[in-house]
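The structure appears right after this line, and notes come after that.
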Amino acid sequence: MSASDALFEPRKQRRALVARLFHAACVLITGGAVVVLGVLLYRVWHDGSELLSLEFLDRFPSQITPEKAGVKSALWGTVWLIGLTAAVAIPTGVGAAVYLQEYAPRNAFTRLIQLNIANLAGVPSIVYGLLGLAVFVRWLRFDRSVLSGSLTMSLLILPVVIIASREAIAAVPNSIREAAFALGATRWQTVRHHVLPAAAPGILTGVILSMARAMGETAPLIMIGALTYIRFVPGGTHEAAPGLAGWVGWFGEAIRDPFVVLPIQIFNWAEQAQPIFHKLAAAGIVVLLTVMLILNGAAVVLRAFWQRKQP
Amino acid sequence: MRQPLRKAREGLIYGVLLGCALVSVVTMLGIITVLVSESVPFFREVSVWSYLTGTRWSALLEPRTFGVLPLLAGTVQVACGALALAVPVGLGAAIYLSEYASPRLRTLTKPILEILAGVPTVVYGYFALTFITPDILQRIFPAAEVFNAASAAIVVGIMIVPTIASLCDDALRAVPRSLREGAYALAANRLEVTARVVLPGAFSGVVAAVLLALARALGETMAVTLAAGMTPKLTLNPLTSVQTLTSYIVQVSLGDTPHGTIEYQSIFAVALTLFLITLTINVIAQRMIRRFREEYD
Amino acid sequence: MKLTGLEVRPPMTRTADSVRTSFVVEPKPVPERTPSVISIDRLSVLYGTHVAVKEVSMEIAERRVTAIIGPSGCGKSTLLRSINRMNDFIAGIGFQGAIRFRGRDIRDPGYDPIDLRRSVGMVFQKPNPFPKSIYRNVAWGAAINGYRGDLTQLVEDALKKAALWEEVKDKLSQSALALSGGQQQRLCIARAIALQPEVLLMDEPCSALDPIATARIEDLIDKLKAQYTVVLVTHNMQQAGRVSDYTAFMYMGELIEMDATGRIFTNPQVRKTQDYITGRFG
C-alpha cells in the first residue's frame, strides 16, 4: 500500500466496533420508543375492552353502580369545549399570524410580540388554569362553565395555532404576493385571495393538531373546576324556544352550564382505588384516543384533498 | 369615491389583526397580574424568606407551615429523573433518525414519535399507576409505594422523549451536509462524523431542546399527580410518594377551597414560583435557538 | 493517453477554425508521461434510471493535474465523487464498471472506503471548514486516523504546503469560520493534505471565490502536483487551460475526449469538444 501508511495507525477495527455498537444502541432506543407505544396501547385496550360498548358512550358516570357508568357527559363536554375553543382560537390565532407575517413592521414591538408568543408556548398549562380561574370564573363571573373552560383553553393553544399558521404563511412564495400587488390588489385582498388559500393546508394541519392537544389537556380545566360527577350534557337541561332567538337563548344558557371532559373523567376514575374504576378509566382512554385519532386522520385527509384541489 | 371606503376597510382589518396579535401580550400580562396580585396577600402572611427556605409544607393541616422546599425538591426530583431517561433516549432516536435511518424508515418512525407526543398526559398517569408501579417497580423494589416519584419520572420521561427527539432531529438536520461530506472525505466513519462534527455543530440546538423539555417536565401536572401522589416531603428516596408544585395546585383545587383563604392564595404563590422557573428556562432556550439559527443562516 | 469513449463517436472532420482558441495564451507542451494511479474502466453511474455517467474510461496520471471540464450536469462531479466513494451516501445510486486505485477495485467489498479516502482526499465546491479552530480543522482527520507523529508539526507542514501558514500562524486557535472564503478553501486543502494522501480530488474548488483568491488556489494546485496527483473538476475552461496537464471533456455523461491540455485546446479531435471550448455552447 502507500508510503503514508507507516505514519498512521488507524485502528479501524476498534473504530468500526464502537461505531457498530453505537448504531445498535440507536436502533434499540428508537425501537424501544415504538415498543413503549405498543405496550401502552395494548395495556389500555386490555384493561378497557371489557367495559367498552356503544352504551358506554351513552351512559352517565355513576359512583354507586360503576359497572353501569359511561362517558356521555364527558364526550359531549369535550365536543362543546373543542367546538367553542376552535371558534375562538382559530380566527384569533390565524389573525395574529397574518398580522405578524404580512402586516407587522420590523420593529422592537413586533419582536416583543414574537418573543412573547414563544414564551407563552412554554408556560405550564396549569398556570393558564389559574388565569382562567381568576379572570373568567371569578372576575367575569362565567362560573365553572363550558364558556370559562373554552376561553381558558383558547388562550392555552393560541401560541401553538399562531406558530403553526405563521410557518404555513411564511412558506407561501413571495412571487404570489408580488403578482397580486402588481395587479393593483390591496394588502388584504392579496392575503384573502392568494396567501391564505395557499397556506390553508398547512394552517389546517397545525390547527387540528392544536385541537387534539386541547382535547387531551386536563390540568387547566381542573383549575377552573370542571371536576364533578355530572349527569347531564351542556344544554341538555334547557328547552330551546322556537325560532332563531330561542336557539340563541338556549345556546347562551348551554355555554354557562357546568361540564366535564374526557380526560378529567379519566383522571377521576384513575384516582379511585377500586379496580373497576381503573377499567372505566381505560375504557375512557380508548374513547379519547379514538376521537383524537379520528381528528388526526381528518387532518391528513383534508390536507391531501386540499393539496389536490390546488394545482 | 370608492377609495376612502377601501382605505377604511383596510384600516379596520389592520386593527382587527393587530388586536389578534395583541391577545398574546394581554395574556402574558394577565398571567403576571393574576399570579402577583393573588400572591401578594399570601406573602403578607408568610415571609418570602421562610417560604423559600422552609423545609416543611403543610398547607391544609394544622399547624400550617409554608416552606416550599419539599414541593420544589419533588418537582426537581421528578424532572431530573425524567431528563436522565429522556435525554439519552431522545437524542439517540434523533441521531438515528437524522444520521442513520433510510428515508423510508424515517417517514415510518416520525409519525410514531408524533403520536407519542400527542398522547394526553392523563393517559401517561394511568400508565404509571396501573403498569409501571405495580408491574415493574414493585416487582423489582417491593418497598416501592403505590404513589412514588420514580414512576412519575419514568412516565414524564417517556412523555418528553418525542419533544427532545423531534427538536434534536431538527437541530442535527440543520447542520449543513457539506460539513458531513468534509468529514467523510477525511476518512472518518459515521460515528466519528456524527459525534465529532454533527453533534458539536448542533450543540446549541440540542441544549435548547433539552431546556424546553425540562420546562415541560417541571410544569407537567396530571401524570405527576396521578403517579407521584400528594405527600409533600423532603426526601431523596424515589420509591416514596412526593408532591410537586403542580400536584399541590391540583390538590387544593380538587377540594372546595373558599376564595380569599390562605390555601387559595398559596396556589398562586406556588404557581408564580413555577412560572418564574419555567419562564427563565424558556428565555434561555429561546436565546440558544436564536444563536443556533444564526450559526447556519 | 488512451482515448476511450471515442470509439462510439462517429468520425469527425477537423474544420479550419478549430485552432482558434483565443484564451490559451501559449500552447502548453505535452507533459512527460507518468504511470497511471487511478484507472477508470467503463464506469457508469445511475441515479435510479437516470444515467449520470455513461461508460467512461480514463487513466489518471501520477503527479499530474487532470482537469475534467464540461457543461453543468454532464456528470463530471458525479464521476469525481465516485473516485473516493462519496456517492455511497446517495440512496438509489448504482454503479457499473470499475475504478481501480493502484490496481485495486475500490468497490471491492473488502476495500474499506475509509482506507480509500485516506489516500484519496477531497476538496469541495464551497469551502466547508468545521466550526472548530484552525488547528483542529487541520489536525482532525489525522488525529482520528491515529497519526503517530507530531501533530503540531503536521499541522504546520500542511498549512505551509497549502500556502496558508504565514496568514494564520498567530491565530491557530481561532475559529476557522473567521477566515475569508479563499483562506477557508486553502484550509480545506491543508486539511486534506494533512492525511498524507496520494490523490487530491477537487470539485470546482474556486467556483465560490473571487478572482484573486482563485489565482492563489491555482498557483497552489500548480505547486501541489510536485507531490500529489490532482483531479480537478471545473466548468471554467480558462482554469483548466491554465493549471492542468491533461484535460477530459465530458458531455451528457460521456467522456467525449481526453488528451494533453495543450492538444485539447489547440487541436481537439472531436467537433463537440471544439464547439465547447470555442464557446458555442455550455
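In which sequence would A:22, A:136, C:281 go, from the one with the fewest C-beta neighbours within 10 Å to the one with the most? Walk me through the numbers on the way to the answer.
Numbers: A:22 19, A:136 22, C:281 9.
Listing A:22, A:136, C:281 from fewest to most nearby Cβ atoms yields C:281, A:22, A:136.
Counting other beta carbons within 10 Å of each Cβ, put A:148, B:102, B:39, A:53 in order, fewest first.
Values: A:148 27, B:102 9, B:39 21, A:53 12.
The order, fewest Cβ neighbours first, is B:102, A:53, B:39, A:148.
What FRET efficiency comes out for the pair residue B:139/residue B:234, r = Cβ-Cβ distance, R0 = 41 Å, nearest 0.05?
Working: r = 28 Å, r/R0 = 0.68.
After rounding to 0.05, the efficiency reads 0.90.
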Item to check | Amide proton proximity set for residue C:64, modelled H, under 5 Å, gap of 5+ | outcome: C:230
Checklist entry - When you look at the Cβ of every residue in A:273-285, what mean number of other chain Cβ atoms sits within 10 Å? => result 2
Next on the checklist: For residue C:256, what residues show an amide H to amide H distance below 5 Å, using hydrogens built from the backbone and excluding near sequence neighbours?
Outcome noted: C:249, C:250, C:251
Checklist entry - Does segment C:89-223 come out rounded, prolate or oblate by the C-alpha gyration tensor, with a ≥ b ≥ c the root eigenvalues, rounded set by a/c under 1.5 and, if not, prolate when a/b is larger than b/c and oblate if not? => result prolate
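About the Cα centre, and with charges only on the beta carbon of Lys, Arg (+1) and Asp, Glu (-1), how big is the dipole of the protein assembly as shown? Nearest 20 debye, please. The partial results should precede the final answer.
Values: 84 positive and 65 negative charges, 329 e Å.
I would put it at about 1580 debye.
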Item to check | Most mobile listed residue (B:21, B:195, B:213) in chain B, GNM with C-alpha springs under 10 Å | outcome: B:21
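Mean 1/r over all different Cα pairs, inverted: what Kirkwood radius does segment B:64-296 give, in Å?
With all distinct Cα pairs of segment B:64-296 included, I get 19.1 Å.
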Checklist entry - Hey, rough spin-label estimate for residue C:41 and residue A:87, points 7 angstrom out along Cα→Cβ, what's it come to in nanometres? => result 7.8 nm
Item to check | Stokes-Einstein D (µm²/s) once Rh is taken as the Kirkwood radius of segment B:94-190 over alpha-carbon pairs, at 4 °C in 1.567 mPa s | outcome: 81 µm²/s
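Summarise the partner chain shielding of B:12-20 as one whole number: the mean count of Cβ atoms from other chains within 10 Å of each residue's Cβ. Working shown, then result.
On the way: counts 1, 9, 4, 1, 5, 13, 7, 4, 12.
Taking the mean over all residues of the peptide, I get 6.
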Checklist entry - Hey, got the Cα dimensions of segment A:52-309 along the principal axes, in Å, largest first? => result 70, 44, 43
Checklist entry - Taking the alpha-carbon set of segment B:238-297, what are its Rg and Dmax in Å? => result 17.7, 54
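Scan segment C:97-199 for chymotrypsin sites (Phe, Trp or Tyr not before Pro) in coil per DSSP, keeping those whose Cβ has at most 16 other Cβ atoms within 10 Å, and list them by number. Write out the running numbers ahead of the final one.
Working: sites: C:101, C:111, C:124, C:135, C:140, C:147, C:165; in loops: C:111, C:124.
Passing both the DSSP loop test and the Cβ count: C:111.
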Item to check | Most mobile listed residue (C:216, C:42, C:104) in chain C, GNM with C-alpha springs under 10 Å | outcome: C:104
Item to check | Under-5 Å amide H pairs with residue C:202, H placed in peptide plane, nonlocal only | outcome: C:123, C:231, C:232, C:233
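Which shape class, rounded, prolate or oblate, goes with segment B:150-253 when its Cα gyration tensor gives a ≥ b ≥ c as root eigenvalues, a/c under 1.5 marks rounded, and past that a/b bigger than b/c marks prolate? Mind dumping the intermediate values first?
Numbers: a/c = 4.35, a/b = 3.07, b/c = 1.42.
Here segment B:150-253 falls in the prolate category.
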Checklist entry - Equivalent-ellipsoid semi-axes (√(5λ), Cα gyration tensor) for segment C:29-99, whole Å, largest first? => result 24, 13, 10
Item to check | segment A:205-279 - Rg and Dmax from Cα coordinates, angstrom | outcome: 16.0, 49
Item to check | Whole-angstrom gap from segment A:56-119 to segment A:232-272, using each part's C-alpha centre | outcome: 17 Å
Next on the checklist: Quick check: Cα centre of segment B:112-141 to Cα centre of segment A:128-193, how many Å?
Outcome noted: 34 Å
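Taking each residue in A:111-124, count the Cβ atoms of any other chain within 10 Å of its Cβ, then average. What number comes out? Present the calculation step by step, with values, prior to reporting the outcome.
Working: counts 0, 1, 6, 3, 4, 6, 5, 7, 8, 7, 5, 12, 10, 15.
The mean count of partner-chain Cβ atoms within 10 Å per residue comes to 6.
Given Cβ point charges of +1 (Lys, Arg) and -1 (Asp, Glu) and nothing else, what value in debye, to the nearest 20, does the dipole of chain B about its Cα centre take?
Approximately 940 debye in magnitude.
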Checklist outcome for this item: chain C: antiparallel bridges as % of DSSP beta bridges, rounded to 5, reads 60 percent
Checklist entry - Residue farthest toward the positive end of the dipole of the protein assembly as shown, with Cβ of Lys/Arg at +1 and Asp/Glu at -1: which of A:28, B:285, C:134? => result C:134
Checklist entry - In sequence order, what are the phi-derived ³J(HN,Hα) couplings for segment B:265-282 according to the Karplus relation 6.51 cos²θ - 1.76 cosθ + 1.60 with θ = phi - 60°, rounded to whole Hz, with x for glycine and proline? => result 5, 5, 5, 6, 5, 5, 5, 4, 4, 4, 4, 5, 5, 5, 4, 4, 4, 5
Checklist entry - What's the percent breakdown of Cα-Cα distances in the protein assembly as shown across 20 Å bins, shortest bin first? => result 13, 35, 29, 18, 5, 0
Item to check | Listed residues A:262, A:84, A:19: farthest to the positive end of the dipole of chain A (Cβ charges) | outcome: A:19
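Given a cut-off of 22 Å, what percent of all Cα-Cα pairs of segment C:174-244 lie beyond it?
Working: 426 of 2485 pairs.
Roughly 17 percent, rounded to a whole number.
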Checklist entry - Across segment A:177-188, in residue order, what do the Karplus-derived ³J(HN,Hα) couplings come to in whole Hz, using 6.51 cos²θ - 1.76 cosθ + 1.60 with θ = phi - 60° and x for Gly and Pro? => result 5, 4, 4, 5, 4, 5, 8, x, 6, 7, 4, 5
Item to check | Within segment A:222-277, GluC sites (Glu not before Pro) in DSSP loop having at most 16 other beta-carbon neighbours inside 10 Å | outcome: A:239
Checklist entry - How long are the three semi-axes of the equivalent ellipsoid for chain C, computed from the Cα gyration tensor as the root of 5 times each eigenvalue, in whole Å, largest first? => result 32, 22, 16
Checklist entry - Using the beta-carbon distance between residue A:174 and residue A:306 and R0 = 25 Å, what value does 1/(1 + (r/R0)^6) give for FRET efficiency, to the nearest 0.05? => result 0.70
Next on the checklist: Please rank A:160, A:248, C:123, fewest neighbouring Cβ atoms within 10 Å first, as an exposure proxy.
Outcome noted: A:248, A:160, C:123
Checklist entry - Can you work out ³J(HN,Hα) from phi for every residue in segment B:99-115, in order, using Karplus 6.51 cos²θ - 1.76 cosθ + 1.60 and θ = phi - 60°, giving whole Hz and x for Gly and Pro? => result 10, 10, 5, 6, x, 5, 5, 4, 5, 7, 7, 4, x, 5, 4, 5, 5
Checklist entry - Of the trypsin sites (Lys or Arg not before Pro) in segment C:105-214, which ones lie in a loop per DSSP and count no more than 15 other C-beta atoms within 10 Å? => result C:148, C:169, C:171
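The numbers here are math on the coordinates, done by the rules we state, and not lab data. Computed from a predicted structure; not experimentally measured. Cβ coordinates were reconstructed from backbone atoms using ideal geometry, including for glycine residues, and neighbour counts include every protein chain displayed.
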